[in-house]
């Protein structure tokens, strides 16, 4: 199956009708699913709980969009997802071993600039054979999965205006 798994930055762009995202959506076959991962939804929900400084009306509109457009089609983290997650983490360890065996997993991932939520999201894309659509670089993760996961970005380069 072909389709796309949107990362947080693209969910937000989708909900605010970012022109580049709207244009790209017009080129995708209708039978290709547009999904999000439960981890992405958790990141969005956490962001709303942590931030109270933005316009509440805009936040409510965004939450309504996410709830309507993505929540019903969210991919869950399953028993099988763990295998893809493990392969990514294992490949990261092989290509970037920690300097000390005493260094914890979380600290080593932080040192590599790897967000564990991104590992789970990429694992979900890999499990479901979906292209991960993200603005994030995720270079270590991309290297760890090689050609097993496709990546795309529908947002304009930084500094580009409409």
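Worth a mention:
- Three-way shape call for the stretch 105-162 based on the alpha-carbon gyration tensor, with the a/c threshold at 1.5: oblate
- Cα-Cα separations in the chain greater than 22 Å, expressed as whole percent: 46
- For the chain, the relative contact order is 35 percent, taking Cα pairs closer than 8 Å that sit 6 or more residues apart in sequence and dividing their mean separation by the residue count.
- Förster radius 25 Å - calculated FRET efficiency between residue 116 and residue 69, Cβ distance, rounded to 0.05: 0.45
- When only Cα pairs below 8 angstrom with a gap of at least 6 residues are kept, the stretch 77-160 shows a relative contact order of 34 percent.
- Angle of helix 116-127 to the longest C-alpha principal axis of the chain, folded into 0 to 90 degrees and rounded to 10: 80°.
- Ellipticity at 222 nm from helices only: DSSP H runs of n ≥ 4 in the chain, each -39500 (n - 2.57), divided by the residue count, give -15000 deg cm²/dmol.
- Counting only alpha carbon atoms, the long axis of helix 38-50 and the longest principal axis of the chain meet at about 70°.
- Label-zone membership for the stretch 121-146, site residue 80, 7 angstrom Cα→C-beta point, backbone N under 14 Å: 123-130
- Projected label distance in nm at residue 56 and residue 147, using a 7 Å step from Cα toward the beta-carbon: 5.3
- For the peptides 117-130, 5-18, 142-155, residues were scored by their other Cβ atoms within 10 Å and the scores averaged per peptide; the highest-first order is 117-130, 5-18, 142-155.
- Degrees between helix 56-69 axis and first principal axis of the chain (Cα, 0 to 90, nearest 10): 80
Laboratory data are not the source of any read-out in this text; all were calculated from the coordinates shown. Everything numeric in this text was worked out from a predicted model, so none of it was measured. With ideal geometry, Cβ positions are generated from the backbone for all residues, glycine too; neighbour counts draw on all protein chains shown.
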